[in-house]
Every structure is written in C-alpha cells, then in structure tokens.
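Notes for the one structure printed next.
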Amino acid sequence: MPSWTTDPSDDCFVELPHTAVELPLDYFDETSYQREFTYQKRLNWSEEFEGKEVGLVFDGSMANTRVFLDGVQIGGHKDGYTPFEIRLTPHLKPTGNLITVCVDGAENPEIPPFGGQIDYLTYAGIYREVWLKVTDRVSIKNVKIETKGVLETNKSVRLNCFLSNPDDLALNGTLKAEIFDANSDSVAAQVIEIADSESAIEFPELANIQLWALDRPYLYEVRLSLRSDQGIDQIRQKFGFRTAEFTADGFRLNGEKLKLIGLNRHQSFPYSGYAQGPASQERDADILKYELACNIVRTSHYPQSNAFLDRCDEIGLLVLEEIPGWQHIGGDAWKEESVQNVRRMIERDWNHPSIILWGVRINESDDDDAFYLRTNTLAHQLDPTRQTSGIRKHAGSSLLEDVYTMNDFVLGEFELPHENRPRSPLRSPSEVTGLPQKTPYLVTEYNGHMFPTKVTDQEQRQIEHVTRHLEVLNAAHGDDNIAGCIGWCMFDYNTHKDFGSGDRICHHGVLTIFREPKFAAYAYASQGSPENRVVLQPVTYWARGERNIGGTLPLMILSNCDFIRLNFPNGASFDLLPDHQTFAHLPHPPFMLRQDDLSGSEVGQWGMLWTDIKIVGYVDNNPIVTRRLLANPIATRLEVKSDRPTLSQARNEVRISVKALDQAGNLLPYIDLPITIEVDGPATLIGPDTTALRGGATAFWIRSKRESGDVVVRVRSTRFATGEARVSVSNS
Ligand code: GAL
C-alpha cells in the first residue's frame, strides 16, 4: 500500500503526506493546528495476511499519535520526527477493520521539543508516508553496516543484522549477504547459519573498493536475504566507504582536510508545513550543494526525512543530524523520551555515509550532565563509528561529547561597519570552551536573529547581510582550530508569535521561504569552484537613489571569477581583483569598487546622468559571464520556470518560480505585482491561486495527481503577457 487513502469519492478523502491545517503564508494563528485530528481507513482482510505478520509503518506523524483498531487502542508514538510501526497481526479480523489514527497537534509539555517556546512550527498531521508491511512471521528488521580499514588498500565491512521475531519463535535458517557496487555488479557474498535474532556477518579484505567522496559519492548496496523455517525476507540498504574525523585541528574526510561550510535547514514549506514529499526534500539538498556550494547541512532541530538524507548520500552533502528540541529540557518522562529519540534517530540513520556527526543535546539548552551523559553514552554504544556533538549557545559548557559545537552570535553584538568592528566575527574555540587543551570545534549557527534581512530590505542592509556572512566564512576559513561553520539559515521559515517579525516569519534565510535567493545566497554560491557554477552577482539594484544619500558605491560583486571588468557607456572601464586584503582566507573574496577607485569620475554622483554598466567576469583570461545592469529598467517579461521538466506520478511536487524581469533579464525588486495561477492537467496547486511577487519574485509548488499527462501552469498579471511553464507527469 503506497499510501494512506480512503474512498476518493468521500468528502473527507485525504492523501499523504498531509498537513492537518493549511496555514496562510503569514499573520496566521498558529494555535489553529494545536489540537487533535483524526484519520480513518478501513482495511479489508486480504488472503495475503493469512499466517503473516502485518504492520503499519509510519514514517512520521506530528505528534503524539495514537492508533486504534475498531475503537481499541493498539499502539502509539509520541515523537513527531521518527518512524514507528504498529503491529496489526493479533488484532486483524476477517470482517474488515477500521483503523483510526489520532494525532495531537497540541504542544504537549511531556514531549520534546515542547514545554517552552520554540522558534519554528510543528505542523500537525500524518506528514510523511504510511506503509502496510506484510512479512513472514520472522523477517529482517534492520541492518547496521560498519566499514573498517577504509583508508587501507583492502577494506572490511561488518553487518550487524537484526531480525524481527515478535512471537519469539525458535528459528533455524540462513542469512545471505551480498554487496553490490554502483553498477549492480556483485562484490562479495556470504551465507551464515542463524538461530538468533541478532547476528554479524564480516567481509574482510575487500579489494578495489571506491571511496564515498564529495565530488564522487560512490554508493554500494547490501542485499540481505533471510531463509528460515519461520519465513523468508529480503532488504536492500545503501552505504559508502568513508572516514570522517573531527580533531582539534579541524575536520578530515577520507584523511583529507576539509573546511565545513554549510547552512541550517528546517523541513518546512509555505502553506503545506511539513507535508511535502520526496522530490521537494531532495530539491532542498540539491539547492544546498549545487546552488549554494555548501558541503554540510545541519538538520535543525530534529531528524528529517529519509528522502532528504538519501539525496545527501547520492550527491555528496555532509550532514549533522540532531534530536528534537529547542532550549528547553523537561521532566523525567520528557528526558526519557529524548533518550529514546537518540536511539530512534541513530537506528534509522546509521547507514548514511553523509551523516558525520550526531547532535545529542537539546539545541541551546543548559548543561545537564546526568541527562547528556545518557544521550552521549547511548549514541556511542549504538554507533561507535561516529563522533557526537551537542549544540550550545553558552561558553564554558561541560564537554561530554567528542566535538564542541557552538552557536556563535558574537558578530551580532556590533552595529559598527565591519572595518571598525572591535573584534573578530567568531570567538576563538579556547575563548568558548574555556578548556586548557584544544578540542574539536565546529560553529553551528551565526547571524540569524542578530541580523534579520527581508528580501525587500534596502540594498544597504542587504550588503551588510552579505558582509556578515562573508566575515564569518572568512574567519572560519582562517582558523585551523575551527572545523567549519554552519550559518543560520538556509531559508526564511514560519514561526510562533514569540519570534520573527510578527508576521510569523523569521526572515533569517539566505533564501526566501519560497527558496528564492537573497543577495546573501551568493556569499555562499560564490565560494564554489567556477568549474561547477560560474557566479557573478553584483550586490546592487543599480539605481541612483536606492541607498541613503544615493549612488551605488562601494559596489560589491560576489563572484568566483579571477577578475572582473566593469564597462561604462562612456568607454571607461575598470578591472577589479578579488579583495584578498579584507577577506584574506576566503576561496573567492568579493570584488569591491570604491569611490577612490573612481576619482574624477561621474559614476555614482547624485545629480549626474545615470548610466548602464556592463560587468564581465574572466576565468583563465577568458570572458565567461556578462551581466548588464540598466539605468532605465522597464518591466519587460514575467519568467515562469519549473525546477524540473518532469514529475513521477505518485504525489510528487515541483517548484515553479515566477520573476518579473527587465529588458536585460534583471530582477525588478520593487514590483509588488498580484498574480493568479492556473494549473491545467494532472497536478494541483499547493497554496492560494492569487498571490503577489515579493522582491520581484515568488514561487509555488504543484503536486502531481496519480495520472500521467502534461501539466501547463499559467501565471497571469496585469503588467505582463501570461507566463507559462510545462511539466510532464510520467508513470515511472
Ligand atoms: C538560535 C536557534 C535557532 C534560531 C536562531 C535564530 O538561537 O538555535 O533555532 O532560533 O537562533 O537566529
């Protein structure tokens, strides 16, 4: 059963993933989903259930889920972020079974992350998939794949296999394990006799094994087959060979030093909350890796979907995953639940090569040594191959974990322009830890609420936003004792009234809530190699009167080109080199054009004729990118673009972006234009069909129905010809 459906002709028919209350974009009442919701499905008896184990597997349901069969509670799960299975076997009747699922969106103080205030929303609903699982009486429950000797010529693998045997049946049989490479060619195979629910299979001395690396994330697959007198089963599990180690002098992947640069990600979307499927999750990973040139993401502040983590494995994006929580630690029952969350997170995710660090503290909570000794010890017991961390905001915290991870907001304490700031933008690790010895150290947040910046904010503020991100990146690159830095945050997100700008949005992202870039996005993007993506982004709208007093100087251009040529219509041109002096440690410092560079020139002076500028970026002396900024931008066209041309049939989403552009294709940042959206074909629109551009752009998601065909999306406005995007929904 791929998903949870009732009769589609029923008024109350819903499909998964599902959000119990679709919220407006902003200024909503977040208590509207903080109550109980009920889902029901009739499960008819099927012959295939005879003599089998039948269960319902929930990938994620928010929160405190209770499951009833014909009115009798048969199971439940409090945590909203981890999967759980409800055993149906002893309860199923041949006459038909009514399954009722109650999810309680209330912020129950007995359950992490609740009990205090939290700066994000926990949207109620069965927001991930639910699966009907039918197996023999004994089946394979899980496998933990541990690699050893990864940097040696011959490597080894140990599989720890766990069977599910709910009735504790006596068991005789075999387990076959076979490892396949990325071409599905067999690498090694073994068969062992089993009589127990736990067994280990060792593969020593594997030759010609490829490493999992960021530029080549090579994945292997284990296929495990059970043959026993109590049943047969098979599972497949991907894994990779890599080492990941934090030491006092930084981080190493496969023995090579790597500065970790990344952003924090919430798993939320506008309108639908948490309820978006695999394609939307995967796309966020792709944005981080390919558009923002990040090499790490923190799943703030909870375990995120399998689809997101699988994609991180596939594309080579490292992950810091942490247990649910935000500043508050509850009572004993709460803590017990939190310890169980460590177990659930690690047992779900221990085979992802992308995960390099477990976060086993409640984000930014006070020290509680007894509690955190438990979470840390459990993490090490379950997974001796990975280091642990716990994210703090205070200095001098007791270090129980392997890596001191710190949210360092010190830069926000200074209003002065960055040339005059009295201190470095990051604290030194020793200043924070207060320890006599050096320790592994990673910065897990900075900026965020210290400098919220809306996409519609004035250019000067945007430049400062960019600068603050660059400053921290520069400082992290410049200190060998800092393994890296993970900024707050990837995109703006909906939140409680106690945070954000009153509109229920924290405008902390380098992207908008719709995943459209602010200028700060290019602070990250421009640090990537031009071989992957050439970036040339002037941090300006190129208008005479946008800044205080007027003009566009100093002009900052974010780029990974070697040098940049500015051409003015009067024939004047200026060549610029990256500003290595101010940002000595950045791989690609910004380019700065200052008033002094232009002495005697009319450029930027108030009252003079305002003119165009052409900016050309050069790599290896070749002009490879050109931007023309216009003195007289005129609203010219509405660009409507789908993130991908195709969608697979089953409830998959794709983002469609809408941008108002001038004659040269530049964004028109202040066109507050209403638009209406029309979707024709086998897909539905998520969110309202009438909305407005913000900062010259917006985006929305469409979700495919269970039919194939062509989808045409039309966006109408009063200013432009109708914009159109096409997506074909296939059967694959
Ligand atoms: C941190 C917190 C984040 C977010 C951020 C805003 O203290 O961990 O969840 O609230 O502040 O800057």
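The values are calculated or read from the model by the stated rules, or taken from the named source; none is laboratory data. Computed from a predicted structure; not experimentally measured. Because the Cβ atoms are built from the backbone with ideal geometry, glycine has one as well, and the counts that use them run over all protein chains shown.
Determine which single condition Phe246 fails, assuming it passes every other condition in (1) of a type outside the set (Lys, Arg); (2) closer than 28 Å to Gly478 by Cβ; (3) surrounded by fewer than 21 Cβ atoms within 10 Å (Cβ to Cβ).
With (1) of a type outside the set (Lys, Arg); (2) closer than 28 Å to Gly478 by Cβ; (3) surrounded by fewer than 21 Cβ atoms within 10 Å (Cβ to Cβ) applied to Phe246, the lone miss is (3).
Find the strands (runs of 3 or more DSSP E) located wholly in the stretch 617-732 whose residues include 2 or more that are touching a Gly at 6+ places or on another chain (Cβ under 7 Å), and list them.
Of the strands (runs of 3 or more DSSP E) lying wholly inside the stretch 617-732, those with at least 2 residues that are touching a Gly at 6+ places or on another chain (Cβ under 7 Å) span 622-629, 637-642, 653-661, 709-716.
Residue check: is Gln460 in contact (Cβ under 8 Å) with a residue 40 or more places away in the chain, more than 16 Å from the ligand (Cβ to nearest atom), within 22 Å of Ala521 (Cβ to Cβ) and surrounded by fewer than 19 Cβ atoms within 10 Å (Cβ to Cβ)? Talk me through it step by step, then tell me what you get.
Numbers: in contact (Cβ under 8 Å) with a residue 40 or more places away in the chain: yes; more than 16 Å from the ligand (Cβ to nearest atom): yes; within 22 Å of Ala521 (Cβ to Cβ): yes; surrounded by fewer than 19 Cβ atoms within 10 Å (Cβ to Cβ): yes.
Considered against the rule, which asks whether it is in contact (Cβ under 8 Å) with a residue 40 or more places away in the chain, more than 16 Å from the ligand (Cβ to nearest atom), within 22 Å of Ala521 (Cβ to Cβ) and surrounded by fewer than 19 Cβ atoms within 10 Å (Cβ to Cβ), Gln460 comes out as yes.
Any chance the stretch 588-607 includes a residue that's among the hydrophobic types (A, V, I, L, M, F, W, C), under 30 Å from Asp286 (Cβ atoms) and modelled with pLDDT of 95 or more?
Checking the stretch 588-607: at least one residue is among the hydrophobic types (A, V, I, L, M, F, W, C), under 30 Å from Asp286 (Cβ atoms) and modelled with pLDDT of 95 or more.
Would you be able to tell me the number of residues in the stretch 362-403 that are within 16 Å of the ligand (Cβ to nearest atom) and within 26 Å of Leu253 (Cβ to Cβ)?
So the answer is 5.
Contact list please: Cβ distance under 6 Å, first residue in the stretch 500-516 and at negative phi and away from the ligand (no atom under 15 Å from the Cβ), second residue assigned to a loop (DSSP other than H, G, I, E, B) and aromatic (Phe, Trp, Tyr), pairs at least six apart or on different chains.
Asp503/Tyr27
Under 8 Å between Cβ atoms, which residue pairs at least 6 apart in sequence (or on different chains) link something in the stretch 537-552 that is under 15 Å from His465 (Cα atoms) with a partner that is acidic (Asp, Glu) and part of a loop (DSSP other than H, G, I, E, B)?
Short answer, once both residue conditions are applied: Thr540/Glu546.
Please enumerate the residues belonging to the stretch 417-447 that are basic (Lys, Arg) and within 16 Å of the ligand (Cβ to nearest atom).
Within the stretch 417-447, just Arg427 meets the criteria.
Quick check on my filter: what residues within the stretch 399-428 are outside any loop (DSSP other than H, G, I, E, B) and in contact with a Ser or Thr (Cβ under 9 Å, 6 or more places away or on another chain)? It would help to see each step written out before you state the result.
Keep residues of the stretch 399-428 that are outside any loop (DSSP other than H, G, I, E, B), which gives 403-407, 410-413, 418-420.
Those that are outside any loop (DSSP other than H, G, I, E, B) and in contact with a Ser or Thr (Cβ under 9 Å, 6 or more places away or on another chain): Val403, Tyr404, Thr405, Met406, Asn407, Val410, Leu411, His418, Glu419.
Considering only the stretch 184-197, how many residues are modelled with pLDDT of 95 or more, farther than 23 Å from Glu152 by Cα and either within 35 Å of the chain's Cα centre (by Cα) or of a type in the set (S, T, N, Q) (or both)?
Here the count works out to 1.
Here is a list of conditions, (1) assigned to a helix (DSSP H, G or I); (2) within 16 Å of the ligand (Cβ to nearest atom), and Gln304 meets all of them except one; can you say which number that is?
Here Gln304 clears every test but (1).
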